[in-house]
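Here's the structure, in structure tokens; my notes come after.
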Amino acid sequence: MTTKPADPTYTVVLKPQITDEAGHLDHGTELRRAVVRPTGAEGTSGYPRFAGEGVEADINPENDVVEAVTVDNEELPIGWIAEALPGERRS
């Protein structure tokens with residue numbers, strides 16, 4: 001019997017995008033995180049949609065990049081970023 005690997009989960013981390021004293025990009029301190037799971041739908045960006053804990057994100061599974069995101073049904077405030085951290089990939 002073969003088993004199909006389960007869809008991955010991700011932890012989406014939200015941070016302010018700031019610069020340090022020298023003007024170098026710094027993603028600052030984490031403001032919120034949420035574990036998201038696949039919805040089975042394709043997002044508006046064309047990548048798989050993941051959702052959980054008030055966060056919906058389209059994540060490119062080839063490079064774990066957040067292509068689109070909403071938090072509590074709102075767009076991210078200007079200057080915030082979302083990073084996707086891969087979770088367990090269970091079989």
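Inclusion of I59 among residues that are of a type outside the set (D, E, K, R), farther than 19 Å from P8 by Cα and part of a strand (DSSP E or B) is not warranted. Summed over region 1-27, residues that are modelled with pLDDT under 80 and within 16 Å of V66 (Cβ to Cβ) total 1. Does region 3-15 contain at least one residue that is assigned to a loop (DSSP other than H, G, I, E, B) and among the basic types (K, R)? Among the residues of region 3-15, at least one is assigned to a loop (DSSP other than H, G, I, E, B) and among the basic types (K, R), which makes the answer yes.
The values are calculated or read from the model by the stated rules, or taken from the named source; none is laboratory data. What you are looking at is a predicted structure, and each value in this text was computed from that prediction instead of being measured. Glycine gets a Cβ as well: all are built from the backbone with ideal geometry, and neighbour counts include every protein chain shown.
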